[in-house]
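The values are calculated or read from the model by the stated rules, or taken from the named source; none is laboratory data. These numbers were taken from a predicted model, which means no experiment stands behind them. Cβ coordinates were reconstructed from backbone atoms using ideal geometry, including for glycine residues, and neighbour counts include every protein chain displayed. Please note that ligands, DNA and RNA were not included when accessible areas were found on the heavy atoms of the full protein model with its side chains. Shrake-Rupley method; radii C 1.70, N 1.55, O 1.52, S 1.80 Å.
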Amino acid sequence: MFAGGILRCGPPRPIILTSLFFLCLITSTHSNEVQSLMKFKSSVQSSNESIFSSWTEANSPCSFTGIVCNTNGFVSEINLAQKQLAGTLPLDSICALQSLEKISLESNFLHGSISEELRKCTNLKYLDLGGNFFNGAVPDLSSLNKLQYLNLNASGITGAFPWKSLENLTSLTFFSLGDNLLEKTPFPSEVLKLEKLYWLYLTNCSITGNIPLGIGNLTLLENLELSDNYLYGEIPADIVKLHKLRQLELYDNSLSGKIPLGFGNLTNLVNFDASNNHLEGDLAELRFLTNIASLQLFQNQLSGTIPQEFGDFKSLAEISLYDNKLTGSLPRNLGSWIGLEFIDVSDNSLSGHIPPDMCKNNKINELALLNNSFTGSIPETYANCTSLERFRLSRNSLSGVVPSGIWSLPNLKLIDLTMNKFEGPIASDIGKANSLAQLFLSGNQFSGELPLEISEATSLVSIQLSSNQFSGHLPEMIGKLKKLSSLDLDNNNLSGVIPSSISSCVSLNEINLAGNSLYGEIPASIGSLPTLNSLNLSSNKLSGEVPSSLSPRTLSLLDLSNNQLFGSIPEPLAISAFRDGFVGNPGLCSQTLKNFQPCSSESGRSKTHRTLLLCLMAGLIVLLVSSAYFLFMKLNHNKFEMPLKTSSWDVKQYHVLNFNENEIIQGIRAENLIGSGGSGNVYKIVLKSGAEFAVKHIWTSNQSNRGSCRSSSAMLKRSSRSPEFDAEVATLSSIRHVNVVKLYCSITSEDSSLLVYELLPNGSLWDRLHTCNNKKTKMGWEVRYDIALGAARGLEYLHHGCDRPVIHRDVKSSNILLDEEWKPRIADFGLAKIVQGGAGNWTHVIAGTLGYMAPEYAYTVKVTEKSDVYSFGVVLMELVTGKRPIEAEFGENKDIVHWVCSNMRSSKETYIELVDSTIAKHFKEAAMKVLRIATLCTAKIPSSRPSMRTVVQMLEEAEPCSLTNITVTMDD
């Protein structure tokens, strides 16, 4: 009975053991999963502390933030996308999670390699590592045969991709590999076997050759992107089988031939971009794409007319067909359904009238029809187009009066009506154009006076009204335009005097008022404009003397010819470069310039004589009073008998010093001047000990006294500390980096600001590339590469290594200095900004240098680190090509970025010719890698540019292979 009772009441012993075994197994597995996740946590960090607050050993992993468990309680998903994670990826721990099916870590800051341990994640169905900063190649993926979703887009990977692995990944429905610097390869045939794909993104991953026949077998595709590769040949005929296709992106390749017959069958297509190729033929096949919303076919060789059916497309919002050979007119009903958001059909041979309804529903932001043969007037409907930001109709045959409402559109940044037949006045409502930055009206028949209200359009950066029939006076209050950088009013009928308020336009670098009837004197204050680079006042009726305030240090063009000026040409301006700019003024004289009468006691007018005599008498009186005062002070043994004491100077040391500041101060003399930076003059100072330093004298913000001073005391006079000085000191004093110029100390007093920093004997990169031909030949590719990498590391430190990011704002080759070993230093921080928070800083003036400035800078005036990245990309292009940022061979209004990017799309033989001919042949491929990095840096959209940290990584991977010298000794 006892035994029977036991048998009835207790479970069998094997069941107990089995239950205990599974309980122990589950407990052990859970413990292992916690340990794996804790190791992952220790390998990464996040600026968001709450992300890992729940990740403790006391908690179940299923309660960890970003972790999902399956019904058995095992970890099946890691979802930590966009969590600001930084660090390396411990795949050995992650892949120890045996039930793991999903890893989502995109858009973080993960770096290092993707290790071979990834092979052990055999249950993965979803892997997303895109938008990170990994390096090196991807391991073999064959074991991940359950994978359905694979995203490695913009992950930083390089080298050869394991395309062969794809043969095992037949369940893939989503495959994105683009925007990585992979090894060049023909179109991988393995992709054509992934018949379940609905999404294929292979943009910018170095694919070469033809798009193969067989692409039409991927019939489930909704998205196909193969842009920015090295593809050539025709678009395959069987692409028309992809009936589900909604987006097709083929831009920036070298595709040729016609749009395939039957392409119109792709009626689900919403976005089609095959721009920047060599396509030809007409657009007839596209007239059936009734669902198209965005059509981008610019920069091809397409011909024929634009189908009238485009006017009936109810979803069409963006159309860009510029730089083709299209003829005929735009569809009359274009945009009449929902209104366009963007249209650019520039650089064709189109004609006819402008369709009236493209701004329906007020959505369009850019309307560009320039360089065609359009006729008629601007439809009145555009006077109410408040969404419009860029209105470009230049180089057509348009006529009539501009609808008055256009001048005051609130969001309009650019009006370009150059080279048409427009007439009538500029409406006074232009004063309400709060966003207007660029006003281009040259080469028309505009007339009337310039409205006084134009001075209220304070966002104006450039006014170009040349070759019209404007009359009357210049607006007296033009000085309100503080952002104005160029003022071109030449060849009009303007009269009156040049208003003195023009000197308040502190951003002006170009003034052209030639060919008018202006009279009176040239305002002396015009010479105080801090960035004035070009001044053309020729062919007017100006009188008086040439202002001595004009300085050859800032001016590269000075033309005052054919006026009624008289008196002596100021000595600093009496140089051969400016000689032609003074001809046609019979009253001018010079002791230096040829073909001008010498200045003598007989020359000039009586008024000049009287003025000179009064000045001499006044000077004599001042001299006598000063001498008497000095004698009085000497006799009384006043304290000022002694030289200026050291205690009157404020010396701030940032490195150990072994010199006296008086030696530095006494060395600020004209004969020691070695250059000019963005914010001051630079002097070479040699101390008694033989030590050499570079000393920068920071210019004051009011630069009217930047004349040709000779004495050190005159050079050191300042009215107040300048913001440029504060910027440079704040930046450099806190920086310790081998690729940033070393600041030893600052020396300031009540009226002076000096910076003492290391002297770099090889000058600037600009000098070595563009002005020292004999030394340029010594700059082989290895030297140039080291300069590129070093300068990149310096900028990386500024952007990412400081407590707060430092934006240089004037990166250029002349601001990269070279030491005795040709190692680079970033210099001239006179424009630098320390980011106080947020994505960028706003500045009130256009800073930087033409040719290096990012395109968004001129329109948004917003500075971010990506603006520096663009400028550095231009420097990389200089290093590879040996060209200046702006050369005549690039074409009118074109720069090195346009020239390089245009040629990069040609054949390999063509683009290899971009490399400087002085670079050895075996290094040209290595140089091309850097040039490709430069094109990424100079992307038009700031967010598309890499960070400087990524640029450094890419440059490190582009290190050239050195040839080893082998010496063979022959025994006799």
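Legend: distances between Cα atoms for K883/K921; K325/K413; K83/K164; K742/K812; K193/K258; K413/K541; pairs beyond 25 Å are K325/K413; K83/K164; K193/K258; K413/K541. Three semi-axes describe the equivalent ellipsoid of region 281-428; taken as square roots of 5 times the Cα gyration tensor eigenvalues and ordered largest first, they are 25, 17, 12 Å. For H898, the solvent-accessible surface computed with a 1.4 Å probe is close to 70 Å², ligands and nucleic acids excluded.
For G328, nonlocal amide neighbours, meaning residues 5 or more places apart or on other chains whose placed amide H falls under 5 Å from its own, are S351. Residues whose amide H comes within less than 5 Å of that of L558, counting only those at least five positions distant or on another chain, are L535 (H built at 1.01 Å from N in the peptide plane). For region 464-606, a simple Cβ point-charge model (Lys and Arg +1, Asp and Glu -1, everything else neutral) yields a dipole of about 200 debye relative to the Cα centre. Identify the residues of region 198-239 with backbone N under 15 Å of a label point that sits 7 angstrom from the Cα of F288 along the Cα-to-Cβ direction, or state none. Answer for region 198-239: 237-239.
Solvent exposure of W766, expressed as accessible area, is near 70 Å², computed with a probe of 1.4 Å over the protein chains only. To the nearest 0.05, how large is the calculated FRET efficiency for L220 and S47 if R₀ is 41 Å and r is the Cβ-Cβ distance? Working from the Cβ atoms, E equals 0.55. For the residues K921, K482, K413, a 1.4 Å probe over the protein chains yields an accessible-area ranking, largest first, of K921, K482, K413. Does anything in region 97-121 have its amide N under 16 Å from the 7 Å Cα→Cβ label point of Q82, and if so which residues? Label zone hits: 104-109.
A simple rule links phi to the HN-Hα coupling: the Karplus curve 6.51 cos²θ - 1.76 cosθ + 1.60 with θ = phi - 60°, which for region 77-92 gives 9, 10, 10, 10, 5, 6, 10, 6, 6, 10, x, 9, 9, x, 5, 4 Hz, with x for Gly and Pro.
In the structure displayed, which of K39/K125; K363/K940; K39/K929 lie more than 28 Å apart, Cα to Cα? Don't jump to the answer; show the numbers that get you there.
Working: K39/K125 23 Å; K363/K940 22 Å; K39/K929 37 Å.
Beyond 28 Å between Cα atoms: K39/K929.
Solvent exposure of I406, expressed as accessible area, is near 0 Å², computed with a probe of 1.4 Å over the protein chains only.
Roughly speaking, to the nearest percent, how much of region 101-232's 1.4 Å accessible area is carbon and sulfur? Before the final figure, lay out each step's value.
Working: 2300 of 4670 Å².
Using a 1.4 Å probe with all protein chains present, region 101-232 comes out at 49 percent carbon and sulfur.
Taken along the Cα-to-beta-carbon direction at a fixed 7 Å, the label points for N411 and S349 span 3.6 nm.
At q = 0.22 Å⁻¹, what log₁₀ I(q)/I(0) does region 476-566 have when each alpha carbon counts as one equal point scatterer in the Debye sum? For the requested q values the scattering log ratios are -1.15. Here the spin labels are modelled as points 7 Å beyond Cα on the Cα-Cβ line, and at D580 and T170 they lie 7.6 nm apart. If you roll a 1.4 angstrom probe over the protein chains with everything in place, what fraction of the accessible area of region 465-523 belongs to carbon and sulfur, to the nearest %? Carbon and sulfur atoms account for 47 percent of the accessible area of region 465-523. Here r is the Cβ-Cβ distance between I674 and N70 and R0 is 56 Å; the resulting FRET efficiency, rounded to 0.05, is 0.20.
Amide H to amide H, with H built 1.01 Å from N, E341 comes under 5 Å of E318, counting only residues 5 or more places away or on other chains.
Distance between the modelled labels on E956 and I886, one decimal in nanometres: 3.7 nm (7 Å Cα→Cβ projection). Taking H737, H353, H697, H278 and ordering them by how much accessible surface each has at a 1.4 Å probe, largest first, produces H353, H278, H737, H697.
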